[in-house]
Amino acid sequence: MSNDKQVFPVVVKDLTKKFKTLNRREGLSGAFKDLFSRDYKTTTAVDGISFSLNEGEIVGFVGPNGAGKSTTIKMLTGVLEPTAGTVIVNGLIPFRNRAKNAKNIGVVFGQRTQLWWDLPVIESFKVLKEIYKVPDAQYEAAMATFNELVNIKELYNKQVRTMSLGQRMLCDIVAAFLHNPKIIFLDEPTIGLDISVKTKIRTLILELNRLRKTTIILTTHDIADIEALCRRIVIIDKGRIIYDGDLARVSSIIGDFRTLRLTFDQTGVPDYVPVLQKDLGEQFPAEGAVTVEQDEDGWINIIVQEDLVSMIDVLSLVSRNYPVKDIKIEEIRTEDVIRKIYEGALT
Amino acid sequence: MNTIARYLKIYIMVVSQYVKSRMQYRADFIVGIFGMLASNLANVVILWLVFTNIPSIKGWNYNELLFFYGFFILALTPQQLFFDMFWDLGHLLQTGDFIRYYFRPVNMMFYFISWRLDIKGITQLLVGIAITIYAAVKIGIIWTLPMALLLFVNWVSASLIMIALLVGGMSSAFWIINANSLTGTITSIRDFGRYPLDIFNKTFRVIFTVAAPIGFLAYYPTLIALRPAAEIPLAAWFSPVIGFIMFFLAYQIWRKGISSYSGTGS
Amino acid sequence: MKGYLGMARCSIMANIVYRAHFFFTLGGTILGITLQYFLWKAIYGDALLIQGMSFQDTFLWVALSSTIFTMFKTYVDWEMCFSIIEGSITQTLIKPTDYQLYMLSSRVGDLLLNTVIIALPTVVVLIAGFHAAIPIGINLLFFVFSLILSFLMSFTMEFIVGLISFQTNSIWGISTTKDVIIMVMSGAVVPLAFFPDWLRSVANVLPFRAMYDVPMRILLSQNIGVVEYVQGLGFQIMWITILVVLSRIYFRQAIKVVTVNGG
């Protein structure tokens, strides 16, 4: 018979959070007036969102700054009380059961460590073992796993204060997984790290997720993280969920896009980007049909919306009028899709 | 009981590690002790300077005021040793770093204060004991077991009031943005307790007995050792309970604060 | 010069935006004065004069000294210590400005702010609430000069303490010791008139009385004249010069330690 007991580790329904902030006035005299002001405004940070997570899922939370991701995570971890709606984590209401909920979650903030700054990190692990009441055998097994995956033993006696950012992040992640929580919240876990460390961390997360079926919520601006780790992506903007589904299909929801990537013969170099944008803009005037950008690797990307404009037409115009050296045609990058979504491609 | 034992174990683990790491900073340790000694000694010097000019203040002589001062700093010591993190509360709230205390399955205030032990508080403990004993001998206090026990309980209670003032006062940083000036105000209010209530007029004496328990920081608690039972005002016998009440109230303010904090970033 | 003024303005704005700073700092100062009122009233008891000073004399002396002390506190020493620990000092040292002057000008804004939100209301409260009688005459002019000199002295001492913290990486202990020595030996907490003779002679040769004893006497003493005012200012200038020279020499040494340790 069907069991009504909750099976999803996280269930969120119509979750809303509003804040009251003081309307600040400008300038020196305005600041003086503010001392006596009672003029507040209400901002809605999270506006009635609903979703649920499956056990063992790795979900990416993406959105521009101010979108409400951080506020949502704070409600999930019991820091903030929702203004309206419900949130259930591991069968508990997080805000009302902060300490109890904490037993079964792990949290990592990219920017802020939770480890004891002046202590060798092994001491942090030992204290956490005590705080979470981790049995000896489980602790030893967990440390063995971490050693196997990222050789954490090397860092045992290093003070957290003296670690590089990458080392510290590894330790924070290990610390979060130490008590084998059912859910882990990762906030910008790879920010500021070089690519080799990022890869190491992504592998660690994937392996631990595979071994322990930990549900993972990842908030990040790094799309490469999302592509490496997540099958499901939730896009939040202005407090609302604009997309919740497969990463693979996110590009399809904004329309048919492909990217034409070019390099040019650089003799007598002008800056091609504004020239191309103007030229193509005149030839293909439909809004958003053609976007031109310089990529970090030196290539120029022309993002073509193929519902509006034919790729072949763009390609022949460019190759006729410009000294093209090399071309690639690719699916639009997830990063660009998401940016377009922020810019209102769905509305 | 089980929880207390567990918390004690965690606290000792964390704090002993903290002390170990602080001991690496020899200069800081010595300078801190020196500053503590200088500060306490200065107060004694000031008292002495005043008394080279007059024999007593509102019926209190030099040694009695010395005893008073000793008790005051002894009452201050637990707050200083264990609750030192609270002075940083405002700053941690502003930077958003405070959020790290939310994610452990232990009481938040406990976890918060476990991050630091102010070692130089031990200096103050020793100085306080020395001054109090010296003054007690000079006064010629005749100790009885009930009186000694009551004084001890009063010390516990006075310590709790000191802690409550800090916790309750600094917790207002949850609602007020710039808490830097707050620390000065808390110290200013507390300073009223450094002297016998006899120096104030009736209005203030009433306020410091009934409305704000400043009189219970040192005045009422020490009267049992310094005055014959017949002369002790009624209020003084309430000394043992006031501390627990104040701490309870301060704790409620803290709880309100942590549930209303929203961190930085969005 | 314009750059330094701009910084002063920013500093004022940054402070006002936080409304509580105003209420709490002023509140704390007034509380302190109230306490001193009762304390000295009790000390005087029925006596009219102690060491030639009346209760009003002493109370005013002590109340103004402590208000000025609060006003002068710029925490430059703390900032310097943190800048060493966090390494941010290198950014400041790179700037094409003199480090000491840079620190000073960053504080001028705070000082002006403190004058408005602390000192002025406090004086009003003293006169209206505590019936203080401040003699008004040419002494006020000299008092202002004297105060400026006191501030420079206070700042230089904070700066020197900050330099010490470069080596100890610790600030509370030295800063507190400095504060305590200044407050006692300058006659700010207990006027020098109350000192036993031998201690007073010690205090007279130390620089600290230049910070509070001199401006207070200029402001409040009825029976001294312009000659003594000028002497007082001269005494202050002498000590400031000595301290500033010391601070410059010490700075050059202390900086070497910083750059050698890297960062």
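The values are calculated or read from the model by the stated rules, or taken from the named source; none is laboratory data. Values in this document were obtained by computation on a predicted structure and should not be read as measured data. Cβ atoms come from the backbone with ideal geometry, glycine included; neighbour counts cover every protein chain shown. Accessible surface areas use protein heavy atoms only, side chains included; no ligands, DNA or RNA. Shrake-Rupley method; radii C 1.70, N 1.55, O 1.52, S 1.80 Å.
Note on the stretch A:193-205: residues that are open to solvent by 70 Å² or more (accessible area, probe 1.4 Å) and in contact (Cβ under 8 Å) with a residue 40 or more places away in the chain total 2. Do we find a residue being small (Gly, Ala, Ser), in a loop (DSSP other than H, G, I, E, B) and surrounded by 13 or more Cβ atoms within 10 Å (Cβ to Cβ) anywhere in the stretch A:214-231? No, the stretch A:214-231 contains no residue that is small (Gly, Ala, Ser), in a loop (DSSP other than H, G, I, E, B) and surrounded by 13 or more Cβ atoms within 10 Å (Cβ to Cβ).
Any idea which residue in the stretch C:19-37 is modelled with the lowest pLDDT, counting only those that are at the interface with chain B (Cβ under 7 Å from one of its Cβ atoms) and crowded, with 19+ Cβ neighbours inside 10 Å? The residue in question is C:20. Scanning the stretch B:1-28 for residues that are open to solvent by 50 Å² or more (accessible area, probe 1.4 Å), part of a helix (DSSP H, G or I) and within 14 Å of chain C (Cβ to nearest Cβ) gives B:22, B:26. The C-beta contact set for the stretch A:117-128 (first residue at the interface with chain B (Cβ under 8 Å from one of its Cβ atoms), second residue open to solvent by less than 10 Å² (accessible area, probe 1.4 Å) and part of a helix (DSSP H, G or I), distance under 6 angstrom, 6+ apart or interchain) comprises A:118/B:21; A:119/B:21; A:127/B:14.
Tally up the residues in the stretch C:79-100 that are open to solvent by less than 30 Å² (accessible area, probe 1.4 Å), in contact with a Gly (Cβ under 7 Å, 6 or more places away or on another chain) and among the polar types (S, T, N, Q), please. Number satisfying all stated conditions: 0.
Does residue C:206 satisfy being touching a helix residue (DSSP H, G or I) at 6+ places or on another chain (Cβ under 8 Å), surrounded by fewer than 23 Cβ atoms within 10 Å (Cβ to Cβ), over 24 Å from residue C:244 (Cα atoms) and more than 10 Å from chain B (Cβ to nearest Cβ)? The answer is no for residue C:206.
Residues that are buried (at least 21 other Cβ atoms within 10 Å of the Cβ) and more than 18 Å from residue A:213 (Cα to Cα) were ranked within the stretch A:89-100; the one that is nearest to the other protein chains (Cβ to nearest Cβ) is A:98.
Scanning the stretch C:141-148 turns up no residue that is away from chain B (no Cβ under 14 Å), out of contact with any His (no Cβ under 6 Å at 6 or more places or on another chain), closer than 13 Å to residue C:247 by Cβ and not charged (D, E, K, R). All of (1) open to solvent by 20 Å² or more (accessible area, probe 1.4 Å); (2) farther than 30 Å from residue C:73 by Cβ hold for residue B:194 with one exception: (2).
For the stretch B:221-266, the set of residues classified as in contact with a Phe, Trp or Tyr (Cβ under 6 Å, 6 or more places away or on another chain), in contact (Cβ under 8 Å) with a residue 40 or more places away in the chain and away from chain A (no Cβ under 14 Å) consists of B:222, B:239, B:242, listed by residue number. The residue that is farthest from the other protein chains (Cβ to nearest Cβ), among those in the stretch B:47-63 that are in a helix (DSSP H, G or I) and crowded, with 16+ Cβ neighbours inside 10 Å, is B:63. Output yes when any residue across the stretch C:194-201 is in contact (Cβ under 8 Å) with a residue 40 or more places away in the chain and either within 14 Å of chain B (Cβ to nearest Cβ) or in contact with a Cys (Cβ under 6 Å, 6 or more places away or on another chain) (or both), and no when none is. Checked against the condition, which is being in contact (Cβ under 8 Å) with a residue 40 or more places away in the chain and either within 14 Å of chain B (Cβ to nearest Cβ) or in contact with a Cys (Cβ under 6 Å, 6 or more places away or on another chain) (or both), the stretch C:194-201 yields at least one hit. Taking the listed residues B:215, B:243, B:257, the one that is under 23 Å from residue C:45 (Cα atoms), open to solvent by less than 10 Å² (accessible area, probe 1.4 Å) and of a type in the set (Gly, Ala, Ser) is B:215, with no other qualifying.
Being away from every other protein chain (no Cβ under 14 Å), part of a helix (DSSP H, G or I) and on the phi < 0 side of the Ramachandran plot: is that true of residue B:182 here? No.
If you go through the stretch C:217-243 and keep only what is modelled with pLDDT of 90 or more, open to solvent by less than 50 Å² (accessible area, probe 1.4 Å) and among the aliphatic types (A, V, I, L, M), you end up with C:233, C:240, C:243. Contact map, the stretch A:87-105: first residue free of Cβ contacts under 8 Å to residues at least 12 places away in the same chain, second residue in a helix (DSSP H, G or I) and open to solvent by less than 30 Å² (accessible area, probe 1.4 Å), Cβ cut-off under 7 Å, separation 6 or more or different chains; pairs are A:92/A:101. One residue stands out in the stretch C:158-178 among those that are open to solvent by less than 20 Å² (accessible area, probe 1.4 Å) and not hydroxyl-bearing (Ser, Thr, Tyr): the one that is nearest to the chain's Cα centre (by Cα), namely C:158. Scan the stretch B:57-82 residue by residue and report those that are among the aromatic types (Phe, Trp, Tyr) and farther than 17 Å from residue B:10 by Cβ. Correct list: B:60, B:62, B:67, B:68, B:69, B:71, B:72. In the set (1) more than 7 Å from chain B (Cβ to nearest Cβ); (2) of a type outside the set (Asp, Glu); (3) buried (at least 21 other Cβ atoms within 10 Å of the Cβ), the condition left unmet by residue A:44 is number (3). Look at (1) within 18 Å of residue B:112 (Cα to Cα); (2) part of a helix (DSSP H, G or I) and you find that residue B:158 fails only one, number (1).
So, residue A:335, is that one at pLDDT 85 or above, of a type in the set (D, E, K, R) and within 21 Å of residue A:226 (Cβ to Cβ) or not?
So residue A:335 does not fit the description; no.
Within the stretch B:29-43, if we keep just the residues that are of a type in the set (Val, Ile, Thr) and either touching a helix residue (DSSP H, G or I) at 6+ places or on another chain (Cβ under 6 Å) or not in a helix (DSSP H, G or I) (or both), the residue that is nearest to the other protein chains (Cβ to nearest Cβ) turns out to be B:31. Residues that are farther than 27 Å from residue B:132 by Cα, modelled with pLDDT of 90 or more, part of a helix (DSSP H, G or I) and within 20 Å of the chain's Cα centre (by Cα) do not occur anywhere in the stretch B:210-222.
Considering only residues of the stretch C:128-147 that are farther than 25 Å from residue C:226 by Cα and surrounded by fewer than 14 Cβ atoms within 10 Å (Cβ to Cβ), which is modelled with the highest pLDDT?
Checked the stretch C:128-147; the qualifying residue modelled with the highest pLDDT is C:128.
In this entry, residue B:205 is excluded by the filter for residues that are part of a helix (DSSP H, G or I), of a type in the set (D, E, K, R) and either closer than 21 Å to residue B:83 by Cα or under 18 Å from the mean Cα position of the chain (by Cα) (or both). Note on the stretch B:188-210: residues that are more than 7 Å from chain C (Cβ to nearest Cβ), of a type in the set (S, T, N, Q) and touching a helix residue (DSSP H, G or I) at 6+ places or on another chain (Cβ under 7 Å) amount to 1.
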